[in-house]
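Novice: Here it is, the structure in full.
The values are calculated or read from the model by the stated rules, or taken from the named source; none is laboratory data. Predicted model, so just to flag it, every value in this text is computed and none were measured. Here the Cβ positions follow ideal geometry from the backbone for every residue, glycine too, while neighbour counts run over all protein chains shown. Keep in mind that these areas ignore ligands, DNA and RNA; they rest on the heavy atoms of the full protein, side chains included. Shrake-Rupley method; radii C 1.70, N 1.55, O 1.52, S 1.80 Å.
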Amino acid sequence: MAIFAAYFAIPVVLFRFVRARDDFPVPSVVILFSLFILACGLGHLLEATMFWWPAYRLSGLVKLVTALVSWGTVAVLAWTLPYLLSLPGLSKLNRLLENEIAERREAQERLQSSYEELRNFSSSAIDREERVIELKKEVNSLLDAIGKPRKYNSVEIEL
């Protein structure tokens, strides 16, 4: 009876797993395994009750169903095995993800570096332009002081 209880609990857990994971690649294999385990459990239940109720024909039928489900499970598993083996393992997926994260960080660092260079260049260019405007004003002021015409007419540029 304890074996039957365990054989009954395992499919329940497997069914819950398949329903919770909508990305599971081959739920049919898990369902077939669950049916196989359940059929084996029914066989153990009948064996436990044979002392009180001799149901040899029912036991034979359950064993036939167990055999059919077992071979069905073997067939589906053999058919899906190449696909299952082609799926990348979790460690490979983690490595790929870590590589992609590292590449994105490097790209972000390069972008940040380029941004800093551009900001420094822009600041330097603005400082130089402001200095040129100041020099033009000084030239105009000196020209005004010696009575000559102004050389720069539009030096009131705002940045």
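Novice: Quick check, is S123 more than 30 Å from D23 (Cβ to Cβ), without any contact (Cβ under 8 Å) to a residue 24 or more places away in the chain and either open to solvent by less than 80 Å² (accessible area, probe 1.4 Å) or not in a helix (DSSP H, G or I) (or both)?
Specialist: So S123 passes the test.
Novice: Could you identify the single residue in S59, S34 that is over 23 Å from G89 (Cα atoms), assigned to a helix (DSSP H, G or I) and under 33 Å from the mean Cα position of the chain (by Cα)?
Specialist: Testing whether each residue is over 23 Å from G89 (Cα atoms), assigned to a helix (DSSP H, G or I) and under 33 Å from the mean Cα position of the chain (by Cα) leaves just S34.
Novice: What are the pairs with Cβ atoms under 7 angstrom where one residue, in the range 39-61, is open to solvent by 40 Å² or more (accessible area, probe 1.4 Å) and the other, located anywhere, is part of a helix (DSSP H, G or I)? Sequence gap at least six, or different chains.
Specialist: From residues that are open to solvent by 40 Å² or more (accessible area, probe 1.4 Å), the pairs are L42/V62; H44/I3; H44/F4; H44/Y7; L45/F4; L58/L46.
Novice: While we're on this one: Looking for whichever is within 30 Å of I31 (Cα to Cα) and over 30 Å from the mean Cα position of the chain (by Cα) here; the options are A125, A75. Which one fits?
Specialist: It is A75.
Novice: Please tell me if R95 is loosely packed, with under 11 Cβ neighbours inside 10 Å, without any contact (Cβ under 8 Å) to a residue 60 or more places away in the chain and part of a helix (DSSP H, G or I).
Specialist: No, not satisfied.
Novice: Cβ-Cβ distance below 8 Å, separation of 6 or more or different chains: which pairs start in the range 6-26 with a residue that is outside any helix (DSSP H, G or I) and end on one that is open to solvent by 70 Å² or more (accessible area, probe 1.4 Å) and modelled with pLDDT of 85 or more?
Specialist: F24/F17; P25/Y83; V26/Y83
Novice: Looking only at the range 1-31, filter to residues that are among the charged types (D, E, K, R) and within 20 Å of the chain's Cα centre (by Cα); which one of those is surrounded by the fewest Cβ atoms within 10 Å (Cβ to Cβ)?
Specialist: Once the filter is applied, the top-ranked residue is D23.
Novice: Among the residues of the range 62-74, how many are open to solvent by less than 60 Å² (accessible area, probe 1.4 Å) and hydrophobic (A, V, I, L, M, F, W, C)?
Specialist: The total comes to 3.
Novice: Let me spell it out: the conditions are (1) under 30 Å from V29 (Cα atoms); (2) surrounded by 10 or more Cβ atoms within 10 Å (Cβ to Cβ), and S86 meets all of them except one. Which number is the exception?
Specialist: (2)
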